[in-house]
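Only one structure is covered here, and it is reproduced in the block below.
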Amino acid sequence: MNIFSLALSSFSVLYIVLGFKIFLMNKSLLLNRLFLAINLSLFIWSFASALYISAHTLEACIFWYKVSSVGCFIFIGLILHYFLEYTRKEELLKKWWIYVLLYLPCVVFSYMEIANDFYAKAYSLGSNGWTVTARTDSLWFWAWTVQFVVYICLCIGMSYGWGKKATSLRERKQTRVIYITATISLLIGLAIMVVVSILGVDIPDITPITGMCWSLGIFYAIVKYRLMAMTPSFIAENLFQTIIDSVILVDPKGMILNVNEETKSMLGYDQAELVGESLEKLFLQDDRSQRNTIPELLEANPIRNKETSMVSKYGAKIPIILSVSECKDNYDTQMGFVLVSKDITEYKHAEESIQYLATHDSLTGLPNRLMLLQLLGHMIEVAKRYNRKFAVFFVDLDRFKMINDTKGHDAGDQLLQEIATRYTQTLRAADVVSRQGGDEFVILIDDVHKVSDLGLVAKNILANTYKPVLLQGDECRVTASIGISVYPRDGEDGQVLMKRADMAMYYAKEEGKNNFQFYSRDILSELTGRLDIEQNLRFALEREELSLHYQAKVNLKTGAITGVEALLRWQNPQLGSVTPTRFIPVAEETGMILSIGKWVLMTACLQNVTWQKQGLPAICMAVNLSLKQLTDINLMENIEAALKDSGMA
């Protein structure tokens, strides 16, 4: 075996290695299978060429030359098929005739060479082995030559065009490698064919080695630029480096083997600073669950969506969602673990923001009712445990509605913000100031030693409330009414304490506003009685429980009656005789005084007409009107209607 045969044999082995290496990456991928077929044809071409060059007899030389020719002819069809697939000519490959065009010439030329020696004119044994002289006077020779050049040029052209249309840098680099190596292969192959087969130079035909340039070019494009993009290994590597989550690969002892880009970005480390280090470096002791070591934590796998934290290079604690999976080989041997984590810092901030909005008043920033009830429940638990007292202040601003209506809602909001700031600055850090909505505030005074001290706190709140507030260039003042309940004297439940402080606040308003009142049983009785009055008063007219008593006005000199005053009385089956001083304020507060006052006007006028019909002289009838009636826009209409309908007018 001479040097040329040895070189061709070596190349043939390399073709097999390259072909199967790519094929085993993904056996199901058509491009991989075609690449294997191309390298098998190159193997046949190259190995058979080595055998015919070093053959001991002419018959052996002819036999192996014909075999090598078949490998060459098949290679031409396969390489064009490969490039049609590579450049994604899907529509063209759906046509049946394209396969006839690809492989029929290969079959025909193989048959002609085996049966008729259309290519080989003469076989000569020289110092370098057997050489073959081409039959240049044969049309079959030139037909094959044209097919060879056209098919290879089509491959180069499709590859070049695909590179021009490629949008990614990776695809452009792929095609550049392939069409350059294809062009080199074509030129070298043509040069060898001309020198050896046509000019008859005394060296063997080593054209099969030109396929190595092309085969290596495709192999390089696959390995370097991922030509066969959808192989499992490529997918795994691509996911590892591009996934938006942190991925850390560790051995069974918790030593870091590899990290992806997101891990380095999230933690601030370089690759070299992490590889070979223990996971202890990245996890705080209190974030590894109750286990003492990282290996023990890893053995608890699979771990799914565990909320924990990692430590960055700069000591920052990064909240994460962690999942841990075990990796085993085909023999069920543990190889290590994959830790996948997601930085949830933004989610935590959003969660905190949502939690803040859910538990705080958006205008003043004070705790809202929801958070107040939570704090109140906690304060009750602490007070029970340590036998303490605390107080609930229910504060309602007086005259706030007037300012809000006259100055506008912006001024009202400004006033509420100022009052909230004053209350917060007035009280201790342990105390809680909250806004319930509107102009109502609730204050929790913690750890009360003497109930009498609460009066001083309430006076301080009233004084700070009354300080002037500059609204739209004007000094405005508001007062406050405060109701106070004390734990555990007035209740041991949060809702009860709130309700009783609210009752005391309403009582403070009845007592003239701008004052504070402690809850007591007397207040409860008073407010309960007031509620009974309100509920029964709503039906007093339709049940005909109201009546008028008439008090005469007498001239002291003459003794003559000059007029009468109509006095309203209420007799209720449940409440008995209710005095005007008790039910009139309720009627005014609830607005029922308007309908009651209209009834009083009509009834008094009818009574006057009745007396006149009985022969009594006409007298002056006096009816008392409340402030709410005097400000009613329908008052004059009601008076006119009463006079007209009763017959007095």
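Compute the signed sum of charges (Lys and Arg +1, Asp and Glu -1) over the other residues within less than 14 Å, Cβ to Cβ, of L34.
Summing Lys/Arg as +1 and Asp/Glu as -1 gives +3.
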Rounded to the nearest 0.05, FRET efficiency between R477 and A358 (Cβ-Cβ, R0 41 Å) equals 0.75
Residues with amide H under 5 Å of N258's amide H, sequence separation 5 or more or different chain, H placed in the peptide plane at 1.01 Å from N; which? L249
Local net charge near K165, Cβ-Cβ under 12 Å (Lys/Arg +1, Asp/Glu -1): +2
In deg cm²/dmol, rounded to 500, what helix-only [θ] at 222 nm does the chain give when every DSSP H run of at least 4 residues adds -39500 (n - 2.57) and the total is split over its residues? -17500 deg cm²/dmol
In the list (i) 170, 66, 50; (ii) 153, 70, 48; (iii) 85, 61, 46, the entry giving Cα extents along the principal axes in Å computed from the coordinates is (i)
For region 171-187, 3J(HN,Hα) per residue [Karplus equation, 6.51 cos²θ - 1.76 cosθ + 1.60, θ = phi - 60°, Hz, x = Gly/Pro]: 5, 5, 5, 4, 5, 5, 4, 5, 6, 5, 5, 5, 5, 4, 4, 4, 5
According to a simple spin-label model (label point 7 Å from Cα along Cα-to-Cβ), what is the distance in nm between A649 and L187? 11.9
Contour minus Cα-Cα span, A316 to E510, at 0.36 nm per residue, comes to 64.1 nm
Placed amide H near D490: partners under 5 Å, 5+ positions off or other chain: none
Sequence-distant residues sharing a close amide H with H360 (under 5 Å, placed H): N368
Is region 1-134 best put as rounded, prolate or oblate by its Cα gyration tensor, with a ≥ b ≥ c the root eigenvalues, rounded for a/c under 1.5, and otherwise prolate when a/b is larger than b/c, oblate when not? oblate
Contact order normalised by residue count of region 532-646, Cα under 8 Å, 6+ apart, percent: 25
Pairs K401/K513; K95/K173; K89/K165; K384/K450: which are spaced more than 20 Å apart, C-alpha to C-alpha? K95/K173
In whole angstrom, the spacing between the Cα centers of region 244-267 and region 543-579 equals 94
Return the sequence-ordered ³J(HN,Hα) values of region 549-561 in whole Hz as given by the Karplus equation 6.51 cos²θ - 1.76 cosθ + 1.60 applied to θ = phi - 60°, using x for Gly and Pro. 10, 10, 9, 6, 10, 10, 6, 5, 6, 9, x, 7, 7
Based only on other Cβ atoms within 10 Å, what is the fewest-to-most ordering of W64, W214, W97, W611? W97, W611, W64, W214
Under a cut-off of 29 Å between alpha-carbon atoms, report the lysines in cross-link reach of K313, not counting same-chain residues fewer than 8 places apart. K253, K264, K281, K342, K348
With a Förster distance of 25 angstrom and the Cβ-Cβ distance between D405 and A463, calculated FRET efficiency to the nearest 0.05 equals 0.45
Can you tell me what share of the DSSP beta bridges in region 532-646 is antiparallel? A percent to the nearest 5 is fine. 75
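Only the coordinates and a few stated rules stand behind these numbers; no lab work does. What you see is a predicted model, and the numbers here were worked out from it, not measured in a lab. Using ideal geometry, Cβ is built from the backbone for each residue, glycine included, and neighbour counts are taken over all protein chains shown.
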